[in-house]
Structure formats: C-alpha cells, structure tokens
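Here the structure is laid out as structure tokens; the discussion comes afterwards.
The values are calculated or read from the model by the stated rules, or taken from the named source; none is laboratory data. What you see is a predicted model; the values in this text were computed from it and never measured. Note that we place each Cβ from the backbone using ideal geometry, even for glycine, and neighbour counts take in every protein chain shown. The accessibility values were calculated without ligands, DNA or RNA, using every heavy atom of the protein model including side chains. Shrake-Rupley method; radii C 1.70, N 1.55, O 1.52, S 1.80 Å.
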Amino acid sequence: MKFEVFTLLPEVFPPYLESSILKRARERGLISVGVHNIREHTHDKHHVADDTPYGGGGGMVMKPEPVFEAVESVLGQNPLQTTGTPVPIILLTPQGRVFTQRVAEELSQHEHIALICGRYEGVDERIRERLVTDEISIGDYVLTGGELPAMILIDAVSRLLPRVLGDPTGAEDDSHSMGLLEYPHYTKPAEFRGWKVPEVLQSGNHARINQWRREQSLLRTLRRRPDMLEKAELSEKDIKFVEGQKAKVKENNISDL
Ligand code: ADE
C-alpha cells in the first residue's frame with residue numbers, strides 16, 4: 001500500500017514512520033510513504049504557500065497552485081482518470097466525514113492513497129472542489145493542521161494490512177473491529193500487589209475463557225459506549241446477557257453497572 005502525503009511540514013513525519021511497527025512494515029515493503037513538500041511547488045522568491053482570504057477577515061488560506069502542482073507531480077495531470085482504480089485524494093480537515101474503524105477498513109482496500117494536510121485557517125475552496133475526492137476529520141476538535149490526522153490515518157490503515165502486525169490473528173479482535181470494545185487483558189505475574197488475574201483465564205478451558213471474554217466485551221461496551229452496542233451484531237445469547245445485566249441494575253436500583 002502506497003501513501004502519498006502532501007504537507008507544508010514534511011519534517012514531522014519521519015520520526016514516527018521510522019519507529020516500531022510502521023518502520024518494520026516499510027522495511028518489509030508492505031507499505032510505503034512518500035512525503036512531499038508543498039512548498040517546493042511554489043515559484044516565487046519567498047516560497048509563499050498561503051495568502052489572505054478574498055472578502056477579508058482574519059487568517060491565511062492555502063493557495064491552490066502549489067497544492068495542485070504537488071499532487072499532479074506525483075499522481076499525474078489527471079489523478080482521477082489514471083488507469084485502474086482512481087487514487088483517493090483525501091483532505092484532512094475538521095469538516096470531513098469522521099474517521100472510524102469502518103473508514104480505516106474501507107481505505108485499506110486501496111493500493112494507493114493521497115493525503116493532503118491542510119494548514120492555516122483553511123484551503124482555497126477550489127482544492128476541495130476540483131482536486132480532492134474525500135475529506136476526513138479525525139474527530140470533533142480542531143488541530144493546527146492535518147499532519148497528525150494524516151499520521152493517525154496511516155497508522156490505523158497500515159495495521160489492517162496483511163502481515164503488518166506480528167500476531168497472525170491480526171486486527172480481528174480489536175476494539176471497534178467487531179463493533180464492541182475489547183475485553184480486559186492480563187499478563188504475568190498471576191498476582192501483583194495482591195491483585196489477582198481472574199481465575200477463568202488461568203483455567204485452560206477455552207470455551208469458558210471465550211465466553212468470559214465475550215461477556216466482558218459486552219459489559220464494557222454497555223458501560224462505556226452504549227451507542228456502539230445498539231449497532232453491534234449480537235447473538236441471542238449476547239442479547240440475553242445484556243438484558244440480564246440491565247435488569248440487574250434496575251433491580252438493585254444502582255446507577256452504575
Ligand atoms: N485539521 C485540523 N483539525 C483536524 C481534524 N480534527 N481532523 C482532520 N484534520 C484536521
């Protein structure tokens with residue numbers, strides 16, 4: 001999978017991309033990340049990539065020419081009409097559709113993705129209208145630019161690709177991948193400061209362990225993210241368990257599960 005990042009801050013990418021799992025994925029040729037400096041596509045003496053907004057008001061706006069030129073220098077003149085599947089050209093912006101595990105899964109199906117990191121108060125609208133094919137926000141808060149969001153997207157998408165994670169079960173059991181939060185994890189020692197690992201996990205009985213994990217997942221999702229539970233695919237057994245938990249709360253008149 002190939003990512004092309006267009007940014008005014010190329011120096012922020014290498015430290016993260018050269019660490020840990022993404023580093024290994026790059027070395028093994030599972031992903032590649034091209035980081036392209038938009039400023040290199042300016043042609044004036046001072047390499048100006050932003051300008052004041054038409055109509056007045058505060059803040060600066062990213063100019064269209066260097067962004068178009070940078071993207072076209074990598075993807076060709078007509079990125080939408082290249083052979084094969086069109087390369088999505090994604091603008092990272094708080095105005096985009098919200099990035100979720102489902103969006104990461106969707107993007108992981110592409111071979112090649114371009115990411116444009118917005119800076120300043122915004123980008124010239126013609127970039128949105130005539131170049132970009134998708135806009136993504138990583139959440140309802142405003143950052144100083146799209147660089148961290150781009151990195152988050154690269155990270156979340158990369159770990160879904162085959163062989164990127166060391167674990168052969170990969171990302172299957174992740175929180176969110178099944179529409180539920182993950183069950184609690186424990187490792188050695190079996191007792192730490194008097195706090196014991198649940199007995200069931202040490203029982204060696206895999207049917208019991210799986211059932212306990214499923215119930216913990218349901219319980220945790222019910223407590224923390226009831227909105228997710230409404231959309232999750234639940235078996236009859238799951239529903240029974242959840243209803244039982246809700247009834248228990250009602251019965252005991254306690255507000256917390
Ligand atoms: N740029 C600034 N804030 C952002 C956000 N929340 N998501 C994506 N890009 C952004």
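Could you tell me which numbered condition R208 fails, if it satisfies all but one of (1) open to solvent by 30 Å² or more (accessible area, probe 1.4 Å); (2) under 29 Å from the mean Cα position of the chain (by Cα)?
Just one mismatch for R208, condition (2).
Pairs please, first residue from the range 200-225 and more than 19 Å from D174 (Cβ to Cβ), second anywhere and open to solvent by less than 70 Å² (accessible area, probe 1.4 Å) and not in a helix (DSSP H, G or I), Cβ atoms under 8 Å, 6+ apart in sequence or on different chains.
Q202/A190
Whether any residue in the range 103-111 is out of contact with any Lys or Arg (no Cβ under 8 Å at 6 or more places or on another chain), within 23 Å of N37 (Cβ to Cβ) and more than 10 Å from the ligand (Cβ to nearest atom) is what I want to check.
No; the residues of the range 103-111 include none that is out of contact with any Lys or Arg (no Cβ under 8 Å at 6 or more places or on another chain), within 23 Å of N37 (Cβ to Cβ) and more than 10 Å from the ligand (Cβ to nearest atom).
Give the range 119-141 a look and list any residue that's away from the ligand (no atom under 12 Å from the Cβ), in a loop (DSSP other than H, G, I, E, B) and open to solvent by 50 Å² or more (accessible area, probe 1.4 Å), or say none.
T133 - this is the single residue of the range 119-141 that is away from the ligand (no atom under 12 Å from the Cβ), in a loop (DSSP other than H, G, I, E, B) and open to solvent by 50 Å² or more (accessible area, probe 1.4 Å).
For the range 211-257, how many residues meet the condition of being in a loop (DSSP other than H, G, I, E, B) and under 25 Å from the mean Cα position of the chain (by Cα)?
Here the count works out to 4.
May I ask you to say which residue of L219, L160, L180 is open to solvent by less than 70 Å² (accessible area, probe 1.4 Å), away from the ligand (no atom under 16 Å from the Cβ), closer than 30 Å to E27 by Cα and not polar (S, T, N, Q)?
Result: L160 is the single residue among L219, L160, L180 that is open to solvent by less than 70 Å² (accessible area, probe 1.4 Å), away from the ligand (no atom under 16 Å from the Cβ), closer than 30 Å to E27 by Cα and not polar (S, T, N, Q).
Among the residues of the range 193-204, are any basic (K, R), at pLDDT 95 or above and not in a loop (DSSP other than H, G, I, E, B)?
Yes - at least one qualifying residue is present in the range 193-204.
Can you confirm whether T144 is farther than 27 Å from L222 by Cβ, surrounded by fewer than 17 Cβ atoms within 10 Å (Cβ to Cβ), β-branched (V, I, T) and away from the ligand (no atom under 16 Å from the Cβ)?
On the way: farther than 27 Å from L222 by Cβ: yes; surrounded by fewer than 17 Cβ atoms within 10 Å (Cβ to Cβ): yes; β-branched (V, I, T): yes; away from the ligand (no atom under 16 Å from the Cβ): no.
Judged against the criteria, T144 is not a match.
In the range 13-34, what count of residues is obtained for those that are in contact with a Leu (Cβ under 8 Å, 6 or more places away or on another chain) and in contact (Cβ under 8 Å) with a residue 12 or more places away in the chain?
So the count comes out to 6.
Going residue by residue through the range 79-94, is there one that turns out to be within 15 Å of the ligand (Cβ to nearest atom), without any contact (Cβ under 8 Å) to a residue 40 or more places away in the chain and in contact with a strand residue (DSSP E or B) (Cβ under 9 Å, 6 or more places away or on another chain)?
No, there is no match, as no residue in the range 79-94 is within 15 Å of the ligand (Cβ to nearest atom), without any contact (Cβ under 8 Å) to a residue 40 or more places away in the chain and in contact with a strand residue (DSSP E or B) (Cβ under 9 Å, 6 or more places away or on another chain).
Based on what the data block shows, is L9 out of contact with any Leu (no Cβ under 6 Å at 6 or more places or on another chain) and at pLDDT below 95?
Numbers: out of contact with any Leu (no Cβ under 6 Å at 6 or more places or on another chain): yes; at pLDDT below 95: no.
Here the answer is no, as L9 does not meet what is asked.
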